[in-house]
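All remarks here apply to the structure that follows.
The values are calculated or read from the model by the stated rules, or taken from the named source; none is laboratory data. This is a predicted model, so every value here is computed, not measured. Note: ideal-geometry Cβ built from the backbone for every residue, glycine included; neighbour counts use all protein chains shown. Ligands, DNA and RNA are excluded from the accessible area calculation, which covers all protein heavy atoms including side chains. Shrake-Rupley method; radii C 1.70, N 1.55, O 1.52, S 1.80 Å.
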Amino acid sequence: MQRYSALSLVRHALSGHRNWQPAWRKPEPKPAYDVIVVGGGGHGLSTAYYLAKEHGIANVAVLEKGWLGSGNIGRNTTIVRSNYMLPQNNRFYEWSMKLWEGLSQDLNYNVMFSQRGVLNLAHTPSQIDDYARRGNSMRLQGIDAELLSREEVAARVPGLDVSPNARFPVLGGLLQPRAGTARHDAVAWGYARAADARGVDIIENCEVTGFIEDGGRIVGVTTSRGEIRAGKVAVAVAGSTSEVMRKAGVSHLPIESHVLQAFVTEPVKPILDSVVTFGAGHLYMSQSDKGGLVFGGDIDKYNSYAQRGNLPVVEHVMAEAVAMLPFVSRLRLLRSWGGIMDMSMDGSPIIATGPRDGLYLNCGWCYGGFKATPASGWCFAWTIAKDAPHELNAAFTLDRFRRGASIDERGAGPVPKMH
């Protein structure tokens with residue numbers, strides 16, 4: 001792999017940019033590998049990278065049914081944070097945050113991680129109390145958290161309607177200064193390039209059509225490009241988990257697939273220098289480097305595998321955006337898109353061995369998939385390599401639902417669409 005640097009940029013500029021190498025190879029699949037990772041999104045690519053880097057397992061194939069980055073890794077609002085309350089979640093996401101902070105250097109690829117802060121608005125005294133509780137939980141784990149007054153919130157986000165007559169008056173907020181955003185496609189490309197450099201085969205346009213069994217153990221997959229065998233098969237396909245796992249004979253999982261829409265406006269001059277979330281509803285917004293306001297809200301309240309949404313949620317999200325930042329009403333919506341989310345029964349992820357011998361599962365990310373990309377891959381690689389979870393993902397088992405050991409961060413109960 002050629003290393004990127006200021007010097008290499010100058011050298012290529014002097015040669016007319018004619019000698020750049022491809023970022024990753026386009027290999028033909030081999031008959032067998034040590035590990036097959038099904039899914040070429042952020043979690044699959046990061047898993048392959050950390051298998052090679054941390055565990056010396058480089059004979060790995062990442063199988064992607066489309067082109068690299070065509071799934072949820074390229075269909076999200078790019079927010080990175082670790083402001084969770086429950087210890088199982090805040091420890092895991094804080095490890096992800098620490099990996100994010102060194103990721104560009106680690107991958108030798110600029111993932112454009114911008115620690116601009118994430119601010120959760122509070123609109124009622126009970127929300128202030130709840131944020132104080134969550135902030136204290138975060139600080140007990142060494143995670144940065146600041147409880148802001150209304151005046152401090154107004155100074156940080158000038159466009160907010162903080163007047164007493166606002167429909168949803170702002171009373172304060174919880175800020176995580178180290179949180180922020182990253183460039184989603186750069187994350188996919190960076191992990192792909194770094195994994196490829198360590199010997200991982202990234203095989204695009206290779207759909208898994210079935211699983212190969214031997215003595216009750218999964219020993220490979222059948223694909224649109226032929227049969228491929230492996231000692232271990234790991235599945236990280238987000239909203240397509242249920243469909244892929246059915247091909248392995250697993251028909252019941254504690255997850256549902258839902259569409260989550262995202263939106264971006266026409267570009268405007270810098271006006272929002274942090275991520276802001278609306279406490280009176282479900283809305284999150286930031287401004288991209290190109291000037292567009294990027295935002296999203298609730299899922300469409302029905303199961304679907306379509307990468308597009310419907311008008312009722314569009315109207316709902318727009319109403320919340322205008323209530324939070326009235327100037328948004330003057331902007332034109334440039335485009336929207338949808339990602340397929342795998343919503344778990346308690347709103348927390350699954351990173352585990354099983355549910356069949358030789359099979360490993362990474363799913364149930366709800367709204368937290370993008371921000372978890374580094375830690376998810378790091379922990380999943382550990383679990384695959386050692387056939388046991390790391391302490392960071394030890395609680396994210398598949399059987400916790402059977403045992404009644406749910407990790408309900410939101411307190412919404414066992415209804416996936418409520419998380």
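When the listed pairs Lys301/Lys371; Lys53/Lys290; Lys65/Lys232; Lys53/Lys232; Lys26/Lys232 are checked against a 25 Å cut-off, the alpha-carbon distance exceeds it for Lys53/Lys290. Once each part is reduced to its C-alpha centroid, what is the distance from the stretch 54-124 to the stretch 268-292 in angstrom? Cα centroid to Cα centroid, the span is 19 Å. Taking label positions 7 Å along the Cα-Cβ direction at both Ala32 and Asn110, the computed distance is 4.5 nm, reported to one decimal. For the stretch 299-419, which whole-number percentage of the solvent-accessible area (1.4 Å probe, protein heavy atoms only) is attributable to carbon and sulfur atoms? Here carbon and sulfur together make up 53 percent of the probe-accessible area.
First obtain the Kirkwood hydrodynamic radius of the chain from its Cα pairs, then insert it into the Stokes-Einstein equation at 20 °C and 1.002 mPa s, and state the resulting D in µm² per second as a whole number. My calculation gives 97 µm²/s for D. The Cβ shell under 15 Å around Asp342 holds other residues with a net charge of -1, Lys and Arg each +1, Asp and Glu each -1. Among 407-417, 195-205, sorting by the average number of other beta carbon atoms lying within 10 angstrom of each residue, highest first, gives 195-205, 407-417. Counting Lys and Arg as +1 and Asp and Glu as -1 over every other residue whose Cβ lies under 12 Å from the Cβ of Ala352, the net charge comes to 0. Taken over the Cα atoms of the stretch 15-167, the convex hull encloses 202 Å³ per residue. Computed from point charges on the beta carbon alone (+1 for Lys and Arg, -1 for Asp and Glu), the dipole magnitude for the stretch 35-130 about its Cα centre is near 200 Debye. Taken per residue, the accessible surface of the stretch 209-262 reaches 39 Å², heavy atoms only and a 1.4 Å probe. Each Lys and Arg adds +1 at its Cβ and each Asp and Glu adds -1 at its Cβ; summed about the Cα centre, the chain shows a dipole of about 680 debye. Largest mean-square fluctuation among Arg167, Arg332, Arg18, in a Gaussian network model of the chain whose springs join Cα atoms under 10 Å apart, belongs to Arg18. Model label sites at His12 and Leu140, defined 7 Å from Cα along the beta-carbon direction, differ in position by 4.9 nm. For the stretch 327-419, the Cβ-based charge dipole about the Cα centre amounts to some 540 debye (Lys, Arg positive; Asp, Glu negative; other atoms uncharged).
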